[in-house]
Structure formats: structure tokens, C-alpha cells
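Asker: Questions regarding the structure given below will be posed in turn.
The values are calculated or read from the model by the stated rules, or taken from the named source; none is laboratory data. Here the structure is a predicted model, which means the values were calculated and not measured. Methodologically, a virtual Cβ is constructed for each residue, glycine included, from the backbone with ideal geometry; neighbour enumeration extends over all protein chains shown. These area figures cover heavy atoms from the full protein model, side chains too; ligands, DNA and RNA do not enter into them. Shrake-Rupley method; radii C 1.70, N 1.55, O 1.52, S 1.80 Å.
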Amino acid sequence: MTSKRHNSLLQILTLYTVVSGIYGMNLVIQNWEGKIKWDKVLHYTIFEDIALLVALSGIGISSVIAIQAVKSYIKEKKRNKKNYL
């Protein structure tokens, strides 16, 4: 069960990496350099809107997964320390 979950997670992260790296970053990243001009977002094409959505959701999902991994690591360390004593 755990292996299947890890494989699914890896597949999702790979998909986000490929899509946002090849597609999303090339369309909207240049607008993120320096001071962001938010008025440009209102005039994005449909493809740039999709790229922005993919990039932001990828950042959000990666952040949540990273936080969960850190929490799990800390919990495991505390459990191991408790069992050791």
C-alpha cells in the first residue's frame, strides 16, 4: 500500500515538473522577474492562464508535501528517541 502511494506521488510530481518546466515556466516566468506587474495577469491568453495555474498549483502542492515530510520526519525522530530511552 505504501509503495503504491509513493509511486502515485512520484508520478504526480513528475507530471508537474515536466508540464510546469516545459510549458508553464516558458510562458509566465519572465513576468515574475523583479517587480511583478500584476496588470499583465489580467491580459494573459488562455495558454498563459493555464501555465500560471499549473505553476502556482505545483508550488502549492510541493509546499504541502514538503511540510508533511518534515512533520513526518520530526515525528519519527521523536518516536525513535522515545523508544531508545
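Asker: Looking at Ser72 and the list (1) modelled with pLDDT of 80 or more; (2) open to solvent by 80 Å² or more (accessible area, probe 1.4 Å), which single condition is not satisfied?
Answerer: Of the numbered conditions (1) modelled with pLDDT of 80 or more; (2) open to solvent by 80 Å² or more (accessible area, probe 1.4 Å), the odd one out for Ser72 is (2).
Asker: Under 6 Å between Cβ atoms, which residue pairs at least 6 apart in sequence (or on different chains) link something in region 58-85 that is within 22 Å of Leu10 (Cα to Cα) with a partner that is surrounded by 10 or more Cβ atoms within 10 Å (Cβ to Cβ)?
Answerer: Close Cβ pairs satisfying both conditions: Gly58/Tyr16; Gly58/Ser20.
Asker: Look at region 3-36 and say how many of its residues are open to solvent by 80 Å² or more (accessible area, probe 1.4 Å), at pLDDT 70 or above and touching a helix residue (DSSP H, G or I) at 6+ places or on another chain (Cβ under 9 Å).
Answerer: Qualifying residue count for the region: 2.
Asker: Among the residues of region 37-69, write down those that are outside any helix (DSSP H, G or I) and either open to solvent by 80 Å² or more (accessible area, probe 1.4 Å) or in contact with a Ser or Thr (Cβ under 6 Å, 6 or more places away or on another chain) (or both).
Answerer: Lys37, Leu42, His43, listed by residue number.
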